[in-house]
1. Whole Å is fine, so just give me how far the alpha carbon centre of segment 76-101 lies from that of segment 472-544.
2. Expressed as a fraction of 2.2 N^0.38 Å, the rule-of-thumb size for a compact globular protein of N residues, what is the C-alpha radius of gyration of segment 383-455?
3. Within segment 70-114, what residues put their amide N at less than 19 Å from the label point 7 Å along the Cα-to-Cβ vector of Asp123?
4. When only alpha-carbon atoms count, how far does segment 510-582 stretch along each of its three principal axes, as whole angstroms with the largest first?
5. At a probe radius of 1.4 Å, what is the per-residue accessible area of Glu287, in Å² to the nearest 10?
6. Pull out a ≥ b ≥ c, the square roots of the eigenvalues of the alpha-carbon gyration tensor of segment 26-172, then state rounded if a/c is under 1.5, prolate if not and a/b is larger than b/c, and oblate in the remaining case.
7. Compute the distance from the alpha-carbon center of segment 357-427 to that of segment 1-38, in whole Å.
8. If packing is taken as the average number of other Cβ atoms within 10 Å across a peptide's residues, how do 237-247, 56-66 rank, most packed first?
Amino acid sequence: MTSTELKVTFTPSGRRGTAGPGSTVLDVARELGADIDSVCGGRGICGRCQVTVGSAPGVPASETALSAPGPTETDYRGKRPLVAGQRLSCAAQILEDVVIDVPPESQVHRQVVRKRAEVIAIDVDPVVRLHYIEVSEPTLDDDSSDLGRIQDALEEQWGLTGLTADESLIGTLQPALRQGKWQVTVAIHDGAIITGIWPGFRDVALGVAYDVGSTTVAAHLCDLTSGDVLASAGLMNPQIRFGEDLMSRVSYVMMNPGGEVALTAAVREAMDDLIGTLVSEAGVEREDILEVTVVGNPIMHHLVLGIDPTPLGGAPFALAVDKAVRARASLIDLEVHSGARLYILPLIAGHVGADAAAAVLSEGPHRGDAVQLLVDVGTNAEIVLGSSGRLLAASSPTGPAFEGAQISSGQRAAPGAIERVRVDKDTLEPRFKVIGSDLWSDEDGFIDSIEKTGVTGICGSGIIEVIAELYLAGVISQDGVIYGEHSRIVEDGRTKSYVLGDGSPQILVTQNDVRAIQLAKAALYAGVKLLMGHLDVDAVDEIRLAGAFGSHIDTKYAMVLGLIPDCDLEKVSAAGNAAGTGSMMALLSREARAEIERVATEIEKIETATEPKFQELFVGAMGIPHASDPFPKLGGAVALPERKDPTGRPERRRRRNPGSTT
Ligand code: FES
């Protein structure tokens with residue numbers, strides 16, 4: 001090292017290097033690959049390169065370590081204000097040994113922490129980056145094209161080579177260069193394609209992450225650079241008018257050849273409407289959106305892409321495409337920037353979609369040693385099981401019972417629906433909570449609080465709770481039979497029903513309701529057990545319940561009913577909108593895309609429909625919580641009824657009304 005070389009240390013990256021005379025902080029950072037952002041290429045325009053002088057043992061913070069602010073900093077008027085005490089690293093020269101602190105806002109790859117039910121950290125690794133360039137004007141001696149001169153400028157000023165331009169830009173290069181007086185900002189997608197060009201300096205790059213569910217479509221508008229969520233919106237999937245659940249929509253297409261065109265148009269229109277909502281909420285323009293990601297189950301995935309989903313309606317559930325899709329956003333009729341790109345996450349199998357892949361990306365079972373069970377319950381339950389060593393996936397045909405369909409008083413989770421239930425174990429009297437009111441039904445003011453809606457039915461979480469509570473109270477046997485004599489247990493033909501709500505309409509839990517839930521939960525449990533068998537494990541370390549249903553059900557009741565296997569209750573939790581979070585991760589990070597594309601190919605697919613063992617597992621899983629599987633951990637936390645006596649009925653079979661003499 002010569003005496004003119006100065007030591008520089010960057011925090012938090014820990015990179016160290018030396019600076020020669022006249023070197024700016026940004027020069028050295030670039031040489032070392034230290035993480036400092038820049039859109040203007042060191043021209044003192046963007047303000048993204050701000051740093052502070054830090055300290056380390058032997059290197060105290062010194063005001064004289066960097067050159068005094070010159071006109072670039074004193075006259076700086078950029079959009080991003082220069083924070084007091086911070087310096088533009090492209091202007092500040094290094095004069096002494098120095099420690100440079102790079103604040104998160106100035107890092108290219110930063111970690112964004114989101115609050116959900118729990119904290120999720122997303123590493124932002126921008127898929128789209130903006131680069132400001134000064135392009136040489138054409139002369140008689142230089143007859144290269146506008147695109148050629150832009151490519152030259154990107155190579156000279158940013159060291160970027162081999163870039164191509166999106167076809168949609170061809171007509172915009174010429175006006176942008178002239179309007180910007182040969183100074184333009186370009187958007188570069190994935191380090192390879194120029195997807196946008198604007199005259200002068202520009203600092204806005206936005207993206208939208210979609211989660212297309214069969215019931216709802218959700219979208220998040222994000223700043224691609226900071227990772228900030230600027231707005232979120234959702235609406236009902238308008239395809240519902242063609243069929244409540246997925247299979248009925250596939251049937252619609254089967255019965256109406258070409259019907260997929262209408263289904264595709266409906267969902268695309270909803271997705272485009274959401275963009276309108278997002279941009280007006282955030283006060284930005286549709287044109288600012290340069291990147292879009294989409295996740296959804298296989299049928300939604302195919303319909304968004306305009307592919308006939310009927311092959312997914314039956315075995316062998318052949319997918320038209322399973323790899324990640326990269327295309328222009330215009331492919332799915334989104335009115336955004338003309339060069340905006342679309343990325344759809346890979347599908348895992350014919351029944352395990354890009355939504356499950358996104359949930360894997362978000363929950364990361366492949367990143368740890370614990371055996372994680374990740375379940376997303378819908379009309380089909382998508383199940384992923386495993387750890388860093390091995391990951392398996394399957395889907396199980398749970399049907400729509402968990403969503404309130406096939407249940408006598410079942411309904412969607414909406415105001416008026418019973419969502420929480422408790423049954424007194426001695427009196428068998430119920431109390432419940434209804435969506436739209438914070439009060440329990442036995443609390444003062446309850447009736448007034450539901451005046452607008454009344455009690456209209458029972459939603460998925462409510463039906464899980466009431467059946468589990470009735471089992472714990474001894475009204476429902478281990479094999480799912482409603483029995484006993486009590487004013488709330490009424491004859492219903494040859495079976496019995498439990499009167500949960502005695503207003504109008506009367507809310508009954510019928511024997512058929514219990515059967516429908518048993519069938520649904522047995523399908524889920526059998527799918528999980530099938531995967532446990534393939535993975536050769538007797539127990540799982542943690543369970544994550546994803547999706548709307550997973551977020552609303554009480555995990556304890558899910559286990560009492562035997563939807564999921566025995567596990568420490570504190571290790572069972574809701575994963576919130578894991579698919580939406582995964583979509584957002586893919587929007588913000590190139591690394592996340594590479595990760596899920598790799599993991600999706602490594603996940604072993606198990607086909608429940610063709611596994612002979614599935615039926616046997618299904619039969620055992622009809623019991624509550626299970627015909628024979630022990631639930632020791634659950635039993636330690638909840639007083640479970642005794643198992644069957646030899647006659648097949650629990651001891652409490654002869655329960656009577658309190659005080660009854662019959
Ligand atoms: S790099 Fe843009 S202001 Fe420093």
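The values are calculated or read from the model by the stated rules, or taken from the named source; none is laboratory data. Worth saying up front: this structure is predicted, and the values here are computed from it rather than measured. Here Cβ is always computed from backbone atoms with ideal geometry, including for glycine, and neighbour counts include all displayed protein chains. For the accessible areas, the whole protein counts, side chains as well, though only heavy atoms, and no ligand, DNA or RNA atoms are used. Shrake-Rupley method; radii C 1.70, N 1.55, O 1.52, S 1.80 Å.
1. Cα centres, segment 76-101 to segment 472-544: 65 Å.
2. Values: Rg = 18.1 Å, N = 73, 2.2 N^0.38 = 11.2 Å.
Rg over 2.2 N^0.38 Å, computed on Cα atoms: 1.61.
3. Within reach of a label on Asp123, which here means backbone N under 19 Å from a point 7 Å along Cα→Cβ, segment 70-114 contributes 102-114.
4. 37, 30, 21
5. 100
6. oblate
7. Using only Cα atoms, the two centres lie 51 Å from each other.
8. The packing order, highest mean first, is 237-247, 56-66.
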